[in-house]
Structure formats: C-alpha cells, structure tokens
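Read through the structure below, which is laid out as structure tokens, and then see the notes.
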Amino acid sequence: TEYEDGAFGLLVVVTHNFYYSLSLLAQYPNRDREAWPTANRTQQEHYLNQVNLNQKTMGNWADHAPANFQHKYNLVAAEIARVVGDTLDAMELYDLAIAGAKDNEYLHEEALANELAARFYLERGKPKIAQIYLTDAYYAYARWGAKAKVEDLEQCYPELLAVIQQQQTISIDPSNSITTDHSQSLSTLSLIQSISSNSLSVSDALDLATVIKASQAIAREIQLEQLFSTLMKVIIENAGAEKCALILPKAGKWVIDAYYITQSMSKGNSKGNSEGNSESDQQFSVTVLQSIPVVKSQDISVSVINYVAHSSETLVLDNASVETMLAADLYIIKQQPKSILCTPILNHGQLIGIVYLENNQCTGAFTKDRLEILELLCSQAAISLENANLYNTLEEKVAERTQELSETLEDLKATQKQLVESETRAVLSSFVAGVTDEISTPVGNGITAASTLADETLGFINSFQEGKLKRSALQNYLEVAQESSELILSNLQRAGELVQNFRQLAVDQDDLEKRRLSLKHYLEEVLLTLEPKLKQTPHGLTLEGDDTVTINTYPGAIWKIVTHLVINSITHAYQPSEQGQLTLTVERIQDQVMLKYDDDGCGIPQEHLGKIFEPFFTTARPQGRTGLGLHIVYNLVTQKLLGQIEVKSEVGKGTEFMITLPIG
C-alpha cells in the first residue's frame, strides 16, 4: 500500500483494493471451518476497519462507473456480511455480485463470486445449494482458461464436482418414468426418496442455468406473500405442472397458503386476469395467504396430502384417476386428474410444508428430471420459508415491541406531567404561605390598633355619660385616636398593596398571555412571595441591575423560574448552619436580557453538571425532592420563553445560572 499513491488512476489500484479486502476477510476467523486462517481479536478489528476504508473508496468508484465496480463492491460487502453473521444480507449480496459480473462480462470475477458463495452455503450446511454455485464457478473458470484453478476446485471439492469429472448423463425415457400400476394398492405405490447431491448431473435433461436462476429468484424473497407467489410461478415453470398448491402447518392443521393454477386458453381469448399474458395461450391465477384448510378444499386430493404428511416421502401418481385405493377420494371422483406429484419440504429433517402438483394434459408428466428439479427447488424453498418466517416474526415482534414502547412512553409522559404538576403545586403552596404570612402582619397590626381605639372610645363614652370627662382625658383620647387611625390606615394600605401584588402574581401563574413589564420591578414583587421562605433560613437575597429594562414575556414563567432557582439553592447549596448570599442581576445586552442568578454555596460537582437539567435527577431524593425543579426551569426558558440557559459552578465557591431572553 505504500506505493498506492504513485499508481493512483491505474486499474492496478482498483485490483489491489478489491483483492486486498477479500484477502483480509479470508483471514478473518471462521468458527465453522477450522482449516481457514484465523486472526486474533485485535487483528479482526484492524481487518474490518481497513476493509471498510477500502469499501468507501470502492463505493465512490461504483457511483461513477457501476458497470465496472458495483459487482466488486457487492462481493466484498457479501464477505463482510458473512464474517459478521448477517446471513440474509450475504445471500442477497452474493447474488447481486454474480449477476453484476455476468452482465458486464467480468468472467473471472463471476467465477470468484460463485466460488465464495459456494463456500458460504457449505458453512451453512447447504451442500445442494453450494453445489449449484460451485458448478457455475467451475465452468466460469474453465471458460476463462484458468486450468490450475479448475484443478484446484476438483481437489478441494471432489464430492461436489464428482459428477462433472465423470461426465455422466441421465438418460430420460418416458417409459422409465416413475409410475404406479392401477392394480396396486396405495401401500405399494412407488416411493421416491429425497435425491442425494450425487444424483445431480450436467445433462440435457437438467437445464442447470434455469434451475440456478429459479433458485436465486426464490432466495431473494423474504416477504411471505411475495415468496409464495414467486415459489408458485417457479415451480409451475420448472416442474411442468398446471396446478400447484403450497400446504403449510398452522395451529396443528394443514392449510393451503398459496394456490396457483393455469388454464389452457385459445389465442386472443385470454382475458379477465391481471396476471395473464395476452401473447400466450395460458391464463393463470395465484392466491396467497388465504390459509384454506386442506380438509375443506375442493381443489386438491386430501388423501394424497395426508399420505405425504404422514410419511414425509415424495409420491408420484402417473394416472391418479385409475388408482383403486383413491377411489373413495371425492376430488379424484369428481375431477379425474391425471398426473399428480406431491413432495415434502424438509428443513433439518423436519416437515415444514408440502408441495402438491397436477398436470391434467397427459399421464406420466412428472419424470425423474422434473423431480430432481423440484427436489432442488424445495431445498431452496425450505431455506427461504425459514428466513421469511423469521423475518415475519421479527416484524411482528418489532411492531409489538414498538407498541409496548409507545404505551410505556405515554405512561412516562403522563407520570412526568403529574410530577411536574405536583412540583408546581408545591411551589404554589409556598406562594400561598407567603401570601398568608405577609398579609397577616399588617392585618394583625391593624386589628391591634383598632382594638386599642375601640377600648379608648368605650372609656371616653363612659366618662362623658357620667359627667366625669376631664380635659386631660379628652386630650389623651384624641392622641390615641389619631395614632390608632394612622396605624390602621398605614397597615390597611400595606395589606392592600400586598393583595394587589399577590393577585397579579396569581394571575401570572396561568402563563396564558404575554405582557410588557419592568423586569426588575416585577422581580421585586416575586421576591416578596419568597420572603417567608427566606425568613426560615439565614440566607439573604439581593436584587441588582438595570431598572429600565422592560420585556414582553410571560410573567408567570419568570416567577416560576426564579422561585425554583431560589428553592434549589436553599435545598442543595448550603448546610443547615451555613449563611448564604443569593443574588439576582438584570442586564441588557443589545436586543436581549441577561438574568443572572448566583449563590455562594457548595457548588455542583463536574460529573453532575451535565445532568442537572435532566428530569428526575436529584441528589436530595431522601429529603423528598423529585428532581424536576431545574428540569422545569430548563423547559420554561427554552420552550416557553424561547431563551437559553447556561450554568457555571465550582465546588466550594458556588453556582451561577445565566438566562438569556429575547426582549420581545
């Protein structure tokens, strides 16, 4: 790689990028094949990082010249998916890489992609599918002239390539097709066991390219509905059938989950079905995901399905209408079908489905070569069904989990709302207590003065009525009356002012309307409500700043912000015996207002500083704190008032909150 920059722009750089990535991925440890090279964990990370870097460059090339580079990118991506365990992605990417190399005539890279895909399926324990890809790789290398590579494949995979080396062919003779004699009982019907991989040959009877294409078409589908539709079409096309049914187990019963039928039509008369081809003499219809119980179906032989379901073996009937043991089958009696083939779909030896085929044009339609093709397609169908069911299950689980998370989120939001309301009520309770304490003083003073005046007046009236009124008594009464009246008047005026201020603050709590206010003057009114709380502590609170600053805002939000900040300091910043100083400062900065609040308390540790605005974060939960105070402050500043809030703190020296608000 040290000379790569000097060769940039040459094709050798592309080749180096491509094979360098494949080599690194080949060195990646593989738990299923101990013979492959291995690397330690550090090397693994290095390998994947380098490959991802290479892929970034290759992807850029592919964007500009996909015909030259896209299949290379896809093959490396398939290998990445293989080593990290993304099976479905790997399957798709191998096929894309093979198709791209073939379409753009990169014969040697088509061969390589097929070989790597074969290794992938061998690791998955799928030798039949691996044999298909390996056969394609073998012939591609041969066409390329890579004699040494062909010999290497023969030595590494003798079992899979034995048939090619022996150049054997299967002679297909209709007279030797699998038949049943109408005189035989059902128990002696010819049984066709699963065909081993060695029976697959490269002969005229088995169009390998067609089978590979069909198998790849099935492998690409992971949505059940589309998989069923594709599987039906592929089987019909390759098995020579007119009718095909896919039967799957559901809730302990066999149901028809996909049904495909073709009907012979005269040319020019094909109509009525959106999937029909007007240029052919065939019209077809496909029905999927109907889950029709087999026992209720009038379109297939229930007896044949039951036989295969119990035996897990393939059954071929050359002329079903003359089978004496099927004479009681209502479907056979009514429809008089000719050729029937019914085969199991097995996955790891377990029966997961049944394919039912009919051809009513001739007897003996399902010959051995057709059966070989069907066995191969069923093997791929078993894999695709497993993958599709897994994908469908995952989709359902994701949807279910998403619904659960949505419900949980709504519950959490409701709970948080209740807690915020509870915190607000606690602050309002403090506000009400402040109102009570502040008003009780002038009202109490007024009551005392009025009581004194009432007593003096009663004494004065008695003296007057008894004729004992003296000049000195009159002078004393006038003095008491004057002092009491002044005291009553001044205290009632003070109480009236407090009521007016508190009433305005109470109206402001609803945050419903903006209004323009003098910020410092309004903060003075807010501090009046906090005096009772502060009187219970040794702390002092000072208001400083510009008297001329006015702001168009929500007053209630300002009140809540200041109240929560003061309560937060009282609760967290000081020990019970400490005396603290709290300061509010109002400043104007161009078209904004800066409201600073600071205390000289214990400060906030650095590890907590980034969490203080998070809901429910508190260091005083044992004292009954909810951890919502500063969260409410943050939301009010940023959402209600469209401002910003910052915090600075140093342990042992105090904390400062800086709130920037638009003047409005």
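The values are calculated or read from the model by the stated rules, or taken from the named source; none is laboratory data. In this text the structure is predicted, and so the values were computed from the model without any measurement. Every residue, glycine as well, gets a Cβ built from its backbone with ideal geometry; the counts of neighbours run over all protein chains shown.
Taking the criterion of being in a strand (DSSP E or B), among the small types (Gly, Ala, Ser) and buried (at least 18 other Cβ atoms within 10 Å of the Cβ), would at least one residue in segment 545-560 satisfy it?
Among the residues of segment 545-560, at least one is in a strand (DSSP E or B), among the small types (Gly, Ala, Ser) and buried (at least 18 other Cβ atoms within 10 Å of the Cβ), which makes the answer yes.
Which one of these does Glu375 not meet: (1) crowded, with 24+ Cβ neighbours inside 10 Å; (2) within 43 Å of the chain's Cα centre (by Cα); (3) of a type in the set (Asp, Glu)?
Exception for Glu375: condition (1).
Residue under question is Ala81, and the condition is that it be surrounded by fewer than 21 Cβ atoms within 10 Å (Cβ to Cβ), touching a helix residue (DSSP H, G or I) at 6+ places or on another chain (Cβ under 6 Å) and modelled with pLDDT of 90 or more; does it hold?
yes
With (1) at pLDDT 85 or above; (2) assigned to a strand (DSSP E or B); (3) touching an Asp or Glu at 6+ places or on another chain (Cβ under 9 Å); (4) over 17 Å from Glu242 (Cα atoms) as the list, and Leu289 as the residue in question, which single condition is left unmet?
So the condition that Leu289 fails would be (1).
If Gly664 satisfies all but one of (1) under 15 Å from Tyr554 (Cα atoms); (2) modelled with pLDDT of 85 or more, what's the number of the condition it fails?
Going through (1) under 15 Å from Tyr554 (Cα atoms); (2) modelled with pLDDT of 85 or more one by one, Gly664 breaks only (2).
Return the only residue of Asn52, Asn30, Asn60, Asn17 being at pLDDT 90 or above and closer than 20 Å to Leu116 by Cα.
Details: Asn30 fails: at pLDDT 90 or above; Asn60 fails: closer than 20 Å to Leu116 by Cα; Asn17 fails: at pLDDT 90 or above.
Of Asn52, Asn30, Asn60, Asn17, the one residue that is at pLDDT 90 or above and closer than 20 Å to Leu116 by Cα is Asn52.
Yes or no: Ala381 of a type outside the set (Val, Ile, Thr), within 30 Å of Ala118 (Cβ to Cβ) and not in a strand (DSSP E or B)?
Yes, satisfied.
Out of Lys596, Lys533, report the one residue that is modelled with pLDDT under 90 and either outside any helix (DSSP H, G or I) or assigned by TED's automatic domain parsing to the domain that holds Leu519 (or both).
Going through Lys596, Lys533 in turn, the sole match is Lys533.
Just name the residue that is surrounded by the fewest Cβ atoms within 10 Å (Cβ to Cβ) out of those in segment 133-155 that are of a type in the set (A, V, I, L, M, F, W, C) and modelled with pLDDT of 90 or more.
Here the answer is Leu153.
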